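First comes the structure, then the notes that go with it.
The values are calculated or read from the model by the stated rules, or taken from the named source; none is laboratory data. Since the structure is predicted, the reported quantities are computational estimates derived from the model, not experimental observations. Cβ atoms come from the backbone with ideal geometry, glycine included; neighbour counts cover every protein chain shown. For accessibility, only protein heavy atoms count, side chains too; no ligands or nucleic acids. Shrake-Rupley method; radii C 1.70, N 1.55, O 1.52, S 1.80 Å.
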Amino acid sequence: MSQSIDLRPVDLEEDDYLFPPEINIALLLPINSVEDLTDEDSGDEEYLNINNFPGSQLLAPAEVMTKYIDVDEDAGNATAVGLNLTASRKIVSADHWDAGDGIPLRVFQAVKKIYIWSETDLSLPDIKWTTMYKVESQLPSETELFLRFFNEEVIDMFVFWSNNYATKKKRTGNMTHEEMYAFIGILLLSGYLPVPRRRMFWEQRKDTQNILVADALSRDRFESIMQNLHCCDNDQLDPSDKFTKVRPLFDKLNKIFQEYAPYWEQHSVDESMIPYFGKHGCKQFIRGNPIRYGYKIWIPAGK
């Protein structure tokens, strides 16, 4: 196939050449782009228009890339060719697409999608909603609710991996399920009955000692569990997951949450903050919130 080249100057307003809507126009750098002072316009870079272009940009060269149908009236056929316009017009056949290697990358940048919204009603599926969660006649106690989520499977995970970690560090392990339950209970108690130092729970002074804590677990045993507490294999961590050390706990709890979650037709989700003032990559700061520092989680906000 022969290559035809037309070096006549191009006038985009000519009626003889009909351009399709799929046309890319790339404006090259202004004539003073490398100088110390430029006349760059302060308009929005994302939405440029002719009113924002400075004089140096209007004088800069431009490139136009498009496709059209080249009709050969003598041969009676049509060929799809590419069009590259700079100072002159150059028609390249369809077999020579590598001729555009010198095109700036801006020509191939993705065009921002523009969505046109129409106001209409959504078509809802024909679903008969029924309550899958049975409403209990008598509400369970606080202990029963806790044991539903921190069941034997979750506690066994903590006991196994904590003992495994203590053994690797040559520390005293042999933690039991009862000790792990007592340990979690002390953590819950310290949340609404805080003291300046956790060792004060075991002091002999009447104003600081907590009999429930002292009778449930000794001070040294509590600190030993705190030092070795794990819920995953510390040698098989995912460096791309910031919550990799507690990911097994998240997975088990999310599964349990779905088992006891109510099944409603209208169900909303809202964010909640868990206060935390330590150092962690997932800690967030939200200005104006009652709890500004901590972890943001999503919770169901149903009826």
### Query
Of the residues that make up segment 271-289, is at least one at pLDDT below 85, among the hydroxyl-bearing types (Ser, Thr, Tyr) and over 19 Å from Phe149 (Cα atoms)?
no
### Task
Among the candidates Asn174, Asn164, single out the residue that is polar (S, T, N, Q) and open to solvent by 100 Å² or more (accessible area, probe 1.4 Å).
Asn174
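Within segment 174-218, which residues are basic (Lys, Arg) and either at pLDDT 95 or above or over 27 Å from Pro275 (Cβ atoms) (or both)? Steps first, please.
Going residue by residue through segment 174-218, those that are basic (Lys, Arg) are 197-199, 205-206.
Hits for segment 174-218 are Arg205, Lys206.
Sort through Lys252, Lys283, Lys245 and tell me the only one that's under 24 Å from Trp298 (Cα atoms) and touching a Cys at 6+ places or on another chain (Cβ under 7 Å).
Working: Lys252 fails: touching a Cys at 6+ places or on another chain (Cβ under 7 Å); Lys283 fails: touching a Cys at 6+ places or on another chain (Cβ under 7 Å).
Answer to the check: Lys245.
Just name the residue that is farthest from Ala216 (Cα to Cα) out of those in segment 145-157 that are of a type in the set (Phe, Trp, Tyr) and not in a loop (DSSP other than H, G, I, E, B). Talk me through it step by step, then tell me what you get.
Step one: of segment 145-157, the residues of a type in the set (Phe, Trp, Tyr) are 146, 149-150.
In the following step, the residues that additionally are not in a loop (DSSP other than H, G, I, E, B) were identified as 146, 149.
Details: Phe146: 17, Phe149: 21 Å.
Within segment 145-157, the match that is farthest from Ala216 (Cα to Cα) is Phe149.
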#### Entry: Test: Val154 is at pLDDT 55 or above and open to solvent by 70 Å² or more (accessible area, probe 1.4 Å)
no
#### Entry: Leading residue by the ranking (least open to solvent (accessible area, probe 1.4 Å)) among those in segment 206-239 that are hydroxyl-bearing (Ser, Thr, Tyr) and closer than 27 Å to Thr167 by Cα
Ser224
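Here's the yes/no breakdown for (1) within 37 Å of the chain's Cα centre (by Cα); (2) assigned to a helix (DSSP H, G or I); (3) of a type in the set (Phe, Trp, Tyr):
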{"position": "Thr143", "(1), (2), (3)": "yes, yes, no"}
{"position": "Val159", "(1), (2), (3)": "yes, yes, no"}
{"position": "Asn164", "(1), (2), (3)": "yes, yes, no"}
{"position": "Lys170", "(1), (2), (3)": "no, no, no"}
{"position": "Gly173", "(1), (2), (3)": "no, no, no"}
{"position": "Ile184", "(1), (2), (3)": "yes, yes, no"}
{"position": "Arg199", "(1), (2), (3)": "no, yes, no"}
{"position": "Gln204", "(1), (2), (3)": "no, no, no"}
### Task
Examine segment 237-252 for a residue that is in a loop (DSSP other than H, G, I, E, B), on the phi < 0 side of the Ramachandran plot and either among the small types (Gly, Ala, Ser) or in contact with a strand residue (DSSP E or B) (Cβ under 6 Å, 6 or more places away or on another chain) (or both), and state whether such a residue exists.
yes
#### Entry: Verdict on Ile256 being part of a helix (DSSP H, G or I) and either within 27 Å of the chain's Cα centre (by Cα) or among the β-branched types (Val, Ile, Thr) (or both)
yes
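Does Glu203 meet the test of being of a type in the set (D, E, K, R), within 30 Å of Gln236 (Cβ to Cβ), surrounded by 10 or more Cβ atoms within 10 Å (Cβ to Cβ) and out of contact with any Ser or Thr (no Cβ under 7 Å at 6 or more places or on another chain)? Show your work before the answer.
Numbers: of a type in the set (D, E, K, R): yes; within 30 Å of Gln236 (Cβ to Cβ): no; surrounded by 10 or more Cβ atoms within 10 Å (Cβ to Cβ): yes; out of contact with any Ser or Thr (no Cβ under 7 Å at 6 or more places or on another chain): yes.
It is false that Glu203 is of a type in the set (D, E, K, R), within 30 Å of Gln236 (Cβ to Cβ), surrounded by 10 or more Cβ atoms within 10 Å (Cβ to Cβ) and out of contact with any Ser or Thr (no Cβ under 7 Å at 6 or more places or on another chain).
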### Task
Report, by residue number, each residue of segment 251-297 that is closer than 23 Å to Phe158 by Cβ, open to solvent by 80 Å² or more (accessible area, probe 1.4 Å) and basic (Lys, Arg).
Lys255
